[in-house]
Structure formats: structure tokens, C-alpha cells
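In what follows, a single structure is set out as C-alpha cells and then discussed.
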Amino acid sequence: MIVVTGATGNVGRSLVRTLAAAGERVTATSRGISDADVPQGVRQQRADLIDPESLRPLLDGAGALFLQSGGPSAHLLSPRDILDVAKAGGVERVVLLSSQGVATRPQSGSHGETGRAIEDAVRQSGMDWTILRPGGFDSNTYAWAESVRTRREIAAPFADVGLPTVDPDDIAEVGAKALREDGHTGRIYELTGPALSTPRGQAEVIAGTLGEPVRFVEQTRDEAAEQMLRFMPEPVVETTLAILGEPTPAELRVSPDIERVLGRSPRTFADWAGRHIAAFR
């Protein structure tokens, strides 16, 4: 059995579907999961990574674990306790959804230091491990969905700064390979899309997919920060804006790892928008 944490997130939801379609026995978990969140036949149960003991009933008898690193609440996790519970349940393989920022922003508390501590715990767990380090997600543009639906407008900072954003479904497919197949132990995969994609360019893709004009408004850094602070802690906002506005050479690099693992090129932002355009209608 494979246990997927963060199963209602953009990567976890896709991973559960991928594993179930491959015939795997899957237990999906998150804080607020319900039957509506999983395919028929998939077991779901609520649990909270911040409370490792809540995972114990799910992990008993499991062979593999997909562990998401916690996002903005990652600093609240006790990764060694989570992994101890997993080992006690019989888990032999763990795949960690980490972040590119562990390597590119090592001094950042939210991305680098906290993420590194979680990665170190996984590497020292005694289990077979694989670490996934994606860059920015194509699905981050869901933040524009309401303004596109209500007034056909997108506001974003750094309009012409491109990053190789990645489709969460590609991350999920790499995760499924690492969970199901041998040959991935001890590997760290950097996961990006196939090309640099700017906010202005993404807005044009969404408009083209809708078949309607969408106005693009470039925000100042301060305007973007004010908006992001409504739902993200200040350190996360500062690091995110630094990546969006002044990416490092490593953050601009298009990684070959998705193609190496999956045997095909990563999906483009246009691919993602075409599958999810209903959110913007």
C-alpha cells in the first residue's frame, strides 16, 4: 500500500489518481479530505502532519510514503517523528516533495533552512528515499482565476521575468515512478517545465485559450506583497518575490530530469491551461 500525504493539493490529488489508475492500493490523507476528493476505491482518512501520531493508523502495513514538505507550515513539522512512525508501520520507501529553493535559497528560512532540515531527516531515515525539488507550479496561476472570471483581468508583478514553471501532473508522474519502481533510491530530481514562462506570456496563453481578451496589469513589488500577505507569512512572501523578480541562474535553468524519468518532454504552460481553463471561465 502507498500512503499519499497532502492528497488534496495540486500534486497529491494528481498522484492519487495516477497511482489508482495503475492498480495500486492507495490511502490518501490530508487535514480536510473527504470521499469527494478521491477516486472510487481509494481509501481516505484525515490526518495532520503536524501531529505524527495521527498518521499511525494509516501507515500500519504500508510499503511506501509520499511526504509533502508542509508548505508555509513546514516549520511546524517534526519530520523525524513522522518518519519514525512510518518505519514502525513498515514503510520502506519514502518520496519527499521538497522545493527547488532548498538548493537555490539556502539561507531562506521558509525555503532553504526548513526544507533542508526535512530533506536531511529523510536522507537519514534508513529508508529508501527520493527527493523531488520542483520550481514554481503552473497551477500558481489559479490565483488569477477570480479576476479573470469576474473582470477579465490579471495583475502580477515582474511581467517579463520568465521562470520554467512546472505542471503539477508531471511532478505527480515522477513521484509515482519513484514510489512504484526501483532505480530512484538516493536520487534528487529537479523538476521544471520545458521553457521560461513570463506572467505576461501566461496571461496571453489564458486569453488565447479562453478565446477572449484578458487585460494584463503589472503590479509594483509593494502591491504584490500587500496582496500576498493576506494568505502567506511575510518571510514566504519576501522569498517568493525575490524568486519571481530576481531569479538566480539555477532558478532559470531548465532541468532534464522530467524527460529522463518519464521518457518525454515536460508539459508546457499551454498544456496546463488547456486542461484547467474551466477555472477561468
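The values are calculated or read from the model by the stated rules, or taken from the named source; none is laboratory data. Quantities reported herein were computed from a predicted structural model and do not represent experimental measurements. Using ideal geometry, Cβ is built from the backbone for each residue, glycine included, and neighbour counts are taken over all protein chains shown. What goes into the accessible areas is simple: the full protein's heavy atoms, side chains included, and nothing from ligands, DNA or RNA. Shrake-Rupley method; radii C 1.70, N 1.55, O 1.52, S 1.80 Å.
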Using the Cβ atoms and a cut-off under 13 Å, what net charge is assigned to the surroundings of Ala20, where Lys and Arg are +1 and Asp and Glu are -1? +3
Could you please state, rounded to a whole Å, how far the C-alpha centre of the range 50-69 is from the C-alpha centre of the range 80-159? 17
Springs between alpha-carbon pairs under 10 angstrom, Gaussian network model over the chain: which of Glu246, Glu153, Glu181 fluctuates most? Glu181
Helix-only estimate, please: 222 nm mean residue ellipticity of the chain, summing -39500 (n - 2.57) across DSSP H runs of length 4 or more and dividing by its residues, to the nearest 500. -11000 deg cm²/dmol
Once His276, His184 are ranked on solvent-accessible area with the largest value leading and a 1.4 Å probe, the list reads His276, His184
Helix 168-180: angle to the longest alpha-carbon principal axis of the chain, degrees 0 to 90, nearest 10? 20
Over the residues of the range 2-65, compute the C-alpha Rg and express it relative to 2.2 N^0.38 Å. 0.99
With springs connecting C-alpha atoms under 10 Å apart, model the chain as a Gaussian network and identify which of Gly208, Gly175, Gly12 has the largest mean-square fluctuation. Gly208
Helix 199-210: inclination vs the chain longest Cα principal axis, degrees, rounded to 10, gives 90
Dipole of the chain, Cα-centred, from +1 at each Lys and Arg C-beta and -1 at each Asp and Glu C-beta, to the nearest 20 debye? 540
Taking a ≥ b ≥ c as the square roots of the Cα gyration tensor eigenvalues, with a/c under 1.5 meaning rounded and otherwise prolate when a/b beats b/c, else oblate, which class fits the chain? prolate
Please give, to one decimal in nm, the separation of the simple spin-label points placed at Asn140 and Arg152, each 7 Å out from Cα toward the Cβ. 2.7
If one takes the longest principal axis of the Cα atoms in the chain, at what angle in degrees, from 0 to 90 and to the nearest 10, does the Cα axis of helix 114-123 lie? 30
Roughly how large, in nm² to one decimal, is the mean projection of the convex hull of the alpha-carbon atoms in the range 64-211? 10.2
